[in-house]
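Enquirer: Got a structure here, written out as structure tokens. Questions coming.
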Amino acid sequence: MDRYVIVCAIGGAALKFHEKLTSSVCYKFNKRRTKLPAHFTIKAPFETDRIEDVEDVLEKFSASSHRTSIELKGYGRFRQDVVYMAVNMSPEAKKVHDDLIFQLEKISWMKFKRNEGRNKVFHCTIVSKKIKNNFGEIWNYVNKYPCDFNEYFDNISLYSWKNNTWVLLKRYELA
């Protein structure tokens, strides 16, 4: 069985900002980078030997869905384990996301945890690996840099885990 993740890759100025800030935090605090580019997660990592089921859903869904506005504004955290850029979904973006989750839930073998489905906290992780010891310093550091970007939920990106990293399998563009 292979391992996959489904995300929306963040682009534009927010991507450039995320790359620079993440690199800076990881260098300054000697932390490891995430293995995915800037994104918000649609479906957390899962394993299957039937990825064609997912590809069919993503192909059909992307052909009939339109890009929508999102805003990356400010920062958030999960306990003292994760620091992230907050992703605010427009009502239209939230609807597209929830419609996609509904379609993915029709795949008999696909399971969603409580924090994965429609009511997740949308976020774009900056750092998350072993940060408890430096959490306060990292939190204060990132908050020195204003985060305020208008971008789009304009893709659904399917990644596969290969050779200890995530590799883009296919990017589905929203119209």
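The values are calculated or read from the model by the stated rules, or taken from the named source; none is laboratory data. In this text the structure is predicted, and so the values were computed from the model without any measurement. Quick reminder, even Gly has a Cβ in these numbers, built from the backbone with ideal geometry, and neighbours come from all protein chains shown.
Enquirer: Any idea which residue in region 4-52 is nearest to residue 125 (Cα to Cα), counting only those that are over 14 Å from the mean Cα position of the chain (by Cα) and aromatic (Phe, Trp, Tyr)?
Expert: Among them, the one singled out is 17.
Enquirer: Out of the residues in region 132-175 meeting the condition of being surrounded by fewer than 17 Cβ atoms within 10 Å (Cβ to Cβ) and small (Gly, Ala, Ser), tell me which one is modelled with the lowest pLDDT.
Expert: Ranking the candidates gives 175 first.
Enquirer: OK, next. Kindly establish whether residue 120 is charged (D, E, K, R), surrounded by 15 or more Cβ atoms within 10 Å (Cβ to Cβ) and in a loop (DSSP other than H, G, I, E, B).
Expert: Here the answer is yes, as residue 120 does meet what is asked.
Conditions tested, residue by residue: (1) surrounded by 13 or more Cβ atoms within 10 Å (Cβ to Cβ); (2) of a type in the set (Phe, Trp, Tyr); (3) more than 14 Å from residue 174 (Cβ to Cβ).
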| site | (1), (2), (3) |
| --- | --- |
| 7 | yes, no, no |
| 20 | no, no, yes |
| 26 | yes, no, yes |
| 43 | yes, no, yes |
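Enquirer: Name the residues in region 100-117 that are outside any helix (DSSP H, G or I) and surrounded by 13 or more Cβ atoms within 10 Å (Cβ to Cβ), would you?
Expert: Across region 100-117, the qualifying residues are 107, 110, 112, 116, 117.
Enquirer: Between 70, 101, which is in contact (Cβ under 8 Å) with a residue 12 or more places away in the chain, touching a strand residue (DSSP E or B) at 6+ places or on another chain (Cβ under 6 Å) and either closer than 30 Å to residue 131 by Cβ or not hydroxyl-bearing (Ser, Thr, Tyr) (or both)?
Expert: Just one listed residue meets the conditions, 70.
Enquirer: Which of (1) basic (Lys, Arg); (2) farther than 16 Å from residue 44 by Cβ; (3) in contact (Cβ under 8 Å) with a residue 24 or more places away in the chain is the odd one out, the single condition residue 144 does not satisfy?
Expert: Here residue 144 meets the rest and fails (3).
Enquirer: Restricting to region 1-57, what's the tally of residues that are farther than 22 Å from residue 104 by Cβ and among the acidic types (Asp, Glu)?
Expert: 1
Enquirer: Out of region 52-99, which residues are among the basic types (Lys, Arg), crowded, with 16+ Cβ neighbours inside 10 Å and part of a helix (DSSP H, G or I)?
Expert: Hit for region 52-99 is 94, nothing else.
Enquirer: Determine, yes or no, whether residue 61 is in contact with a helix residue (DSSP H, G or I) (Cβ under 9 Å, 6 or more places away or on another chain) and at pLDDT 95 or above.
Expert: yes
Enquirer: Condition check: in a helix (DSSP H, G or I) and of a type outside the set (A, V, I, L, M). Does residue 17 satisfy that?
Expert: yes
Enquirer: Just a yes or no: is a residue in region 132-150 over 20 Å from residue 4 (Cα atoms), of a type in the set (D, E, K, R) and in contact with a helix residue (DSSP H, G or I) (Cβ under 6 Å, 6 or more places away or on another chain)?
Expert: No, region 132-150 contains no residue that is over 20 Å from residue 4 (Cα atoms), of a type in the set (D, E, K, R) and in contact with a helix residue (DSSP H, G or I) (Cβ under 6 Å, 6 or more places away or on another chain).
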